[in-house]
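Report on one structure; see the data block that follows.
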Amino acid sequence: MTSQEQSRFTLKASLAPSFDRDKDSGRTGTVEIWWASPTEWKRDVRSPAFHQIEIVNGTRRWQKNEGDHFPQWLQQVAVELVKPVPPVEEVLEHAKGAQPRTIMGQMNIGWTRTTGTAEVPNISRSWLALQPSTGLLLYAGGPGWGADFNNYRNFHDRMVARVVKAGTPEVTATVTVLEDLGPTPPLFFDVSSPGGDPQPLATLVIDEPTLRKNLLPMDPIVWPPLRDGPMTGNVTTEVVIDREGRVRDMGTMVSDNPAIDDAAKKVLTSMQFRPFASTGGPTQVMAQITLPFKTSRPVGTENFETARTYFERGREISFPSAGRGKPYVLHAEFEVGKSGTVEKGIYTDTWLSDTQWRREASLGKSRYIRSRNGDKTYQVADGPDANLLRFVVRVTEPIPATDTFVESDWRIKRDTVNGARAVRVLTGYESPEGQLDPEQARGYWFDDAGVLVKTYFSGVETLRSEFADFNGVKIARQINLLKNGALGMRIRIADVSPAGQVPAKDFEVRGHEWTHAFTDQVR
């Protein structure tokens, strides 16, 4: 938005938490910007705990701050509204040598750099996602910057995102005013007015070794016992240190075991640093920090296996395309309520090997196909109900694939399904009352034999029952899909039989070759 130096505008945005669960986070406020040029502008940012008026005129800067700490989420959103990629020169340099990947209709560019310390090395990531057909930025991020960009609208022949989301917990900035900057009073951009703060307040991004040089001595860390997941590993996040050396903000925790996150937050909050200095005096700083942990299991608690183990065993036991791998053809029917009527669809799964298979669902004039023949994979989605059929295909074989798998994303606990013992493997947000977030949570329940008996994703619960043996695999003959407790679809496996000779051309869908990337399904 600011690349054209002749653009003169005024912008106002309202800020609020993106999710209702974060409504008490205090992350509300406004941002108002009067922009004459990149070297002449005025900005007013407000939140319940902080207020800043800043004026830039040439090389001089004037600030008035109310509050001792400029929250990172507020600062980040204020910048992203007008400068979506703040370190643009650095990003362009990395993008020249990066290998773009097109995934699900968007072009992705990412790179890493080595961070951490000699004792605990780490990396930091940066990324961009663009819409190839329009060139619009969808999301981007790196150390100290980044956001999602939505609802683009034209402003003087430039497409401007009117909704910007950033931070953890996430904040949504909605642009309520974007118009030409009209006449301003003579002293509107005056940086010599009395009453300004002697030291401008901003955040300087530094590396971890520099951060740790100012860390004051602290007691050895005592990690709590963990009921499940890895007992050793690292936990990494970004922290913001205020001008007095206190940890004031933390980013998303990335850990080898999420169960350690709360303890890590307490450790980080207790850290004290010597104040960091820049030209003129103390300054806020941001840096990535990594803490190694080593702990044990609580005495007398159940020792769960890894999520990967439950998934791999469940796939082998519950799905004939894994297991012993004998060729088969599976036929199923499903019923779905539409406009007060019940419509019936058909699902067929033909599997000869890992490199020759076809899965097809059809309903009325709609169909969805995924198939593979040798090194080529195919996908077809036709008709008004194609997305519904895509979901049917996913439900019939839902266990996550290893190309999307991160062990630390998953939490494991004992649970029950219809009164029977089960182990739940879950990722995403779960409220203290046990409610799963329909947009983020994914859960899988396995019985004591390792058979998949229940799933939850996209706000839909599936219950798998009436298991029958086929070549040593326990296939669920009935799958009920429930939304908010109400039955929305029932899938019935009609028969499973050994596959005969199938022509190779049956596994090819001309004109619809598809590059497999980031899918929940192995196939």
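The values are calculated or read from the model by the stated rules, or taken from the named source; none is laboratory data. Being a predicted model, the structure only gives us computed values, none of them experimental. Virtual Cβ from ideal backbone geometry, glycine too; neighbours counted across all protein chains shown.
Among the residues of segment 6-13, are any within 26 Å of G280 (Cα to Cα) and among the β-branched types (V, I, T)? Steps first, answer last, please.
Taking segment 6-13 and keeping what is within 26 Å of G280 (Cα to Cα), we get none.
Taking every residue of segment 6-13 in turn, none turns out to be within 26 Å of G280 (Cα to Cα) and among the β-branched types (V, I, T).
Which number in (1) assigned to a strand (DSSP E or B); (2) in contact with a helix residue (DSSP H, G or I) (Cβ under 8 Å, 6 or more places away or on another chain) marks the one condition that S14 misses?
Here S14 clears every test but (2).
Within segment 230-241, is even one residue within 21 Å of S270 (Cα to Cα) and over 23 Å from the mean Cα position of the chain (by Cα)?
Within segment 230-241, the subset within 21 Å of S270 (Cα to Cα) is 233-241.
Now narrow it down to the ones that are over 23 Å from the mean Cα position of the chain (by Cα): 241.
Among the residues of segment 230-241, at least one is within 21 Å of S270 (Cα to Cα) and over 23 Å from the mean Cα position of the chain (by Cα), which makes the answer yes.
Looking for something farther than 14 Å from I475 by Cα and of a type in the set (F, W, Y) - is there at least one such residue anywhere in segment 296-309?
Here is the first cut: in segment 296-309, the ones farther than 14 Å from I475 by Cα are 296-309.
Still in the running and of a type in the set (F, W, Y): 304.
Yes, segment 296-309 contains at least one residue that is farther than 14 Å from I475 by Cα and of a type in the set (F, W, Y).
Condition first: of a type in the set (A, V, I, L, M, F, W, C), over 24 Å from E397 (Cβ atoms) and not assigned by TED's automatic domain parsing to the domain that holds T115. Can you find one or more residues in segment 311-321 that meet it?
no
Just one of the numbered conditions (1) closer than 30 Å to R212 by Cβ; (2) part of a strand (DSSP E or B); (3) hydrophobic (A, V, I, L, M, F, W, C); (4) more than 20 Å from the chain's Cα centre (by Cα) is not true of I55; which one?
(1)
Let me spell it out: the conditions are (1) more than 21 Å from the chain's Cα centre (by Cα); (2) at pLDDT below 95; (3) hydroxyl-bearing (S, T, Y); (4) within 29 Å of D68 (Cα to Cα), and T176 meets all of them except one. Which number is the exception?
The failed condition is (2).
Within segment 219-274, which residues are modelled with pLDDT under 90 and of a type in the set (D, E, K, R)?
Answer for segment 219-274, where residues must be modelled with pLDDT under 90 and of a type in the set (D, E, K, R): R227, D228, D256.
Could you list, in sequence order, the residues of segment 397-441 that are charged (D, E, K, R), in contact with a Phe, Trp or Tyr (Cβ under 9 Å, 6 or more places away or on another chain) and more than 24 Å from M231 (Cβ to Cβ)?
The answer is E397, D403, D437, E439.
Pairs under 6 Å by beta carbon, first residue assigned by TED's automatic domain parsing to the domain that holds R390 and within 27 Å of V380 (Cα to Cα) in segment 89-115, partner acidic (D, E) and assigned to a strand (DSSP E or B), six or more apart or different chains?
Close Cβ pairs (under 6 Å, with a partner that is acidic (D, E) and assigned to a strand (DSSP E or B)) do not exist here.
Please go through segment 92-119 and pick out each residue that is in a strand (DSSP E or B) and either touching a Pro at 6+ places or on another chain (Cβ under 6 Å) or within 17 Å of M286 (Cα to Cα) (or both).
Across segment 92-119, the qualifying residues are M107, I109, R113, T114, T115, G116.
Just the residues that are surrounded by fewer than 23 Cβ atoms within 10 Å (Cβ to Cβ), of a type outside the set (D, E, K, R) and touching a residue at least 60 places away in the same chain (Cβ under 8 Å), please, taken from segment 59-70.
Restricting attention to segment 59-70, the residues satisfying the condition of being surrounded by fewer than 23 Cβ atoms within 10 Å (Cβ to Cβ) are 59-69.
Then drop every residue that is not of a type outside the set (D, E, K, R), which leaves 59, 62-63, 65, 67, 69.
Within segment 59-70, W62, Q63, N65, H69 meet the criteria.
Considering only segment 193-211, state which residues are more than 37 Å from the chain's Cα centre (by Cα) and either closer than 19 Å to A78 by Cβ or surrounded by 10 or more Cβ atoms within 10 Å (Cβ to Cβ) (or both).
S193, G196, D197
So which residues in segment 147-169 are crowded, with 17+ Cβ neighbours inside 10 Å and in contact (Cβ under 8 Å) with a residue 40 or more places away in the chain, if there are any at all?
Residues satisfying the conditions are A147, F149, F155, V160, A161, V164, K165, A166, G167.
Can you tell me which residues in segment 120-146 are in a loop (DSSP other than H, G, I, E, B), in contact (Cβ under 8 Å) with a residue 24 or more places away in the chain and among the small types (G, A, S)?
G144
Can you name the strands (runs of 3 or more DSSP E) wholly within segment 277-356 that have at least 3 residues being charged (D, E, K, R)?
Hits in segment 277-356: 328-338, 341-353.
Are any residues in segment 324-336 surrounded by fewer than 20 Cβ atoms within 10 Å (Cβ to Cβ), over 12 Å from A499 (Cα atoms) and either in contact with a Gly (Cβ under 6 Å, 6 or more places away or on another chain) or among the basic types (K, R) (or both), and if so, which ones?
Across segment 324-336, the qualifying residue is only R324.
Are any residues in segment 421-431 among the charged types (D, E, K, R) and either loosely packed, with under 14 Cβ neighbours inside 10 Å or under 20 Å from the mean Cα position of the chain (by Cα) (or both), and if so, which ones?
Selection gives R421, E430.
Before we move on, is I241 out of contact with any Ser or Thr (no Cβ under 6 Å at 6 or more places or on another chain) and under 22 Å from G67 (Cβ atoms)?
Yes: the conditions hold for I241.
Residues checked against (1) in contact (Cβ under 8 Å) with a residue 40 or more places away in the chain; (2) surrounded by fewer than 20 Cβ atoms within 10 Å (Cβ to Cβ):
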site: W357; (1), (2): yes, no
site: L363; (1), (2): no, no
site: K376; (1), (2): yes, yes
site: P400; (1), (2): yes, no
site: F405; (1), (2): yes, yes
site: G419; (1), (2): no, yes
site: G434; (1), (2): no, yes
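Scan D415, D447 and give me the residue that is among the acidic types (D, E), surrounded by 18 or more Cβ atoms within 10 Å (Cβ to Cβ) and free of Cβ contacts under 8 Å to residues at least 40 places away in the same chain.
D447
Go through segment 118-156 and give me each residue that's over 26 Å from V235 (Cα atoms) and among the hydroxyl-bearing types (S, T, Y).
S133, T134, Y152
Quick one: which residue in A468, A476 is free of Cβ contacts under 8 Å to residues at least 40 places away in the same chain, within 19 Å of S321 (Cβ to Cβ) and not in a loop (DSSP other than H, G, I, E, B)? Full working, then the answer.
Numbers: A476 fails: free of Cβ contacts under 8 Å to residues at least 40 places away in the same chain.
Going through A468, A476 in turn, the sole match is A468.
Identify, please: which residue in segment 465-523 is more than 18 Å from V417 (Cα to Cα) and of a type in the set (S, T, Y) and is, among those, modelled with the lowest pLDDT?
Step by step, filter segment 465-523, then rank; the result is T519.
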